[in-house]
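Enquirer: My structure is below; once you've seen it, I'll send some questions.
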Amino acid sequence: MNKADFFSRDLLTTIPSLRAFARSLGASPDRADDLVQESLIKAWANRGSFVAGTNLKTWLFTILRNTAYSEYRKRRREVEDSDGSYAATLITEPGQIAHLDMEDFRSALDLVPSEQREALILVGASGFSYEEAAEICGCAVGTIKSRVNRARQRLAAILGLQEGASEEAKKDSAALR
């Protein structure tokens, strides 16, 4: 007998012990048989890495145990979704739409008068307080609050986010499209 024949014979003699071990890991009889089969396939594919003279049974039990635990971890993350209803809820909008929305926003922001745009950017985007923005612009706090409010309303109207938009805002909104 050659080396491969000894390996095959020893492999086959461990099958009952492997099956019992797989069952002890909580696998059903069918699943235990599948685990044993997967382990034997892995062992056969990696027979070149088995060191002759070491314990083949221990090597096979390690392969079976690692296969069972890997499968358990994988199944633990899986979600039963036979009709696809759960997968349908995981849909996200494509990135191109967000890019287009940002372009619309930039175009709309360009249509806001410069003083209002400046106040809105200082308070809304840069995170300055009304007081700090007023100091930067050299005007009263109430003026900054008013400019920010008008800029927000104008943007909402241009982007179609506000009911009853002014005619000027409707024209600006049409120019964006």
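Enquirer: Select from the stretch 139-163 the residues that are of a type in the set (Gly, Ala, Ser) and part of a helix (DSSP H, G or I) and write down the one among them that is nearest to GLU118 (Cα to Cα). Give the steps one after another, and end with the answer.
Expert: Of the stretch 139-163, the ones of a type in the set (Gly, Ala, Ser) are 140, 142, 146, 151, 156-157, 160.
Narrowing the set further to residues that are part of a helix (DSSP H, G or I) leaves 142, 146, 151, 156-157.
Values: GLY142: 15, SER146: 12, ALA151: 9, ALA156: 17, ALA157: 18 Å.
The residue in question is ALA151.
Residues are listed down the side, and each one gets a yes or a no for (1) closer than 17 Å to LEU12 by Cβ; (2) in the same structural domain as SER24 (by TED's automatic domain parsing); (3) assigned to a helix (DSSP H, G or I); (4) more than 31 Å from the chain's Cα centre (by Cα):
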| position | (1), (2), (3), (4) |
| --- | --- |
| SER39 | yes, yes, yes, yes |
| GLY53 | no, yes, no, yes |
| LYS57 | yes, yes, yes, yes |
| ALA68 | no, yes, yes, no |
| GLU71 | no, yes, yes, no |
| ARG75 | no, yes, yes, no |
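Enquirer: Do we have VAL112 as under 19 Å from LEU161 (Cβ atoms), of a type in the set (A, V, I, L, M, F, W, C), touching a Phe, Trp or Tyr at 6+ places or on another chain (Cβ under 8 Å) and surrounded by 11 or more Cβ atoms within 10 Å (Cβ to Cβ) here?
Expert: On the way: under 19 Å from LEU161 (Cβ atoms): yes; of a type in the set (A, V, I, L, M, F, W, C): yes; touching a Phe, Trp or Tyr at 6+ places or on another chain (Cβ under 8 Å): no; surrounded by 11 or more Cβ atoms within 10 Å (Cβ to Cβ): yes.
Here the answer is no, as VAL112 does not meet what is asked.
Enquirer: Scanning the stretch 1-37 for residues that are over 10 Å from LEU64 (Cβ atoms), more than 35 Å from the chain's Cα centre (by Cα) and not in a helix (DSSP H, G or I), which turns out modelled with the lowest pLDDT?
Expert: Per the criteria, the residue is MET1.
Enquirer: Could you list, in sequence order, the residues of the stretch 29-52 that are polar (S, T, N, Q) and touching a residue at least 24 places away in the same chain (Cβ under 8 Å)? Give the derivation first.
Expert: First pass over the stretch 29-52, keeping only residues polar (S, T, N, Q): 37, 39, 46, 49.
SER39, the sole residue that qualifies.
The values are calculated or read from the model by the stated rules, or taken from the named source; none is laboratory data. If you're wondering where the values come from, they're calculated on a predicted model, not measured in any experiment. We place every Cβ from the backbone using ideal geometry, glycine too, and count neighbours over all the protein chains shown.
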